[in-house]
Amino acid sequence: MLTLTINGQSRDVDVPEDMPLLWVLRDHLNLVGTKYGCGIAQCGVCTVHVAGKPVRSCQLTVGDVGTRAVVTIEGIGGTPTGAKVQQAWIEAAVPQCGYCQAGQIMSATALLNDNPQPDDADIDAAMAGNLCRCGTYIRIRRAIKNAAAKSA
């Protein structure tokens, strides 16, 4: 039995320690906002925060999470920066098909937590690991800048 802190709540799960965090979130805790994409940490769809840092949950085993807090897309709106990013996403009408958006929002929030006023190069570097098959990159950049402006 493992005890995880997910979105501020303590959750017990009876799973093998080598199970990817993604499957624990989706299949055992019914937190299905985090998506499965490539399964090899290349697309960013499965991004969550562990100890405040963006990680690919498809490649991180639940045993490696330890006592570090996990925040998913279901919980990111409860953080000040996450709430600003989600609102900016709505205002910029970022999603198209929406599949990648949870991972995009998680990476954008981590960027703004570390760098409240990113320039284009900072945004490119932080978001490089998040792919959008619909090509909404211009709207993603606009939403990040709008969220940053609200923080200023």
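The values are calculated or read from the model by the stated rules, or taken from the named source; none is laboratory data. Predicted model only: the values in this text are computed from it and were never measured. So basically every Cβ, Gly included, is an ideal-geometry build from the backbone, and we count neighbours across all protein chains shown. Surface areas here come from the heavy atoms of the whole protein model, side chains and all, with no ligands, DNA or RNA. Shrake-Rupley method; radii C 1.70, N 1.55, O 1.52, S 1.80 Å.
Observations
- Residue match in region 139-152 (condition: part of a loop (DSSP other than H, G, I, E, B), open to solvent by 70 Å² or more (accessible area, probe 1.4 Å) and small (Gly, Ala, Ser)): yes
- With respect to the conditions (1) closer than 18 Å to GLN101 by Cα; (2) free of Cβ contacts under 8 Å to residues at least 40 places away in the same chain; (3) out of contact with any His (no Cβ under 8 Å at 6 or more places or on another chain), VAL55 falls short on a single one, namely (3).
- Selection count, region 85-144, where residues are of a type in the set (D, E, K, R) and under 23 Å from ASN7 (Cβ atoms): 1
- Residues of region 30-59 satisfying the condition of being in a strand (DSSP E or B) and open to solvent by 30 Å² or more (accessible area, probe 1.4 Å): LYS53, PRO54, VAL55, ARG56
- Unmet requirement for ASP27, which otherwise passes all of (1) in a helix (DSSP H, G or I); (2) modelled with pLDDT under 95: (2)
- Applying the criterion of being in contact with a helix residue (DSSP H, G or I) (Cβ under 8 Å, 6 or more places away or on another chain) and under 19 Å from HIS49 (Cβ atoms) to the residues of region 123-138, the residue that is surrounded by the fewest Cβ atoms within 10 Å (Cβ to Cβ) is GLY129.
- From the list GLY8, GLY66, the one residue that fits, being of a type outside the set (Ser, Thr, Tyr), over 30 Å from CYS134 (Cα atoms) and under 16 Å from the mean Cα position of the chain (by Cα), is GLY8.
- Checking each residue in region 67-99 for being within 16 Å of LEU22 (Cα to Cα), modelled with pLDDT of 95 or more and not aliphatic (A, V, I, L, M) picks out ARG68, THR72, GLU74, GLY75.
- Residue satisfying condition, being part of a loop (DSSP other than H, G, I, E, B) and under 18 Å from the mean Cα position of the chain (by Cα), within set GLY103, GLY129: GLY129
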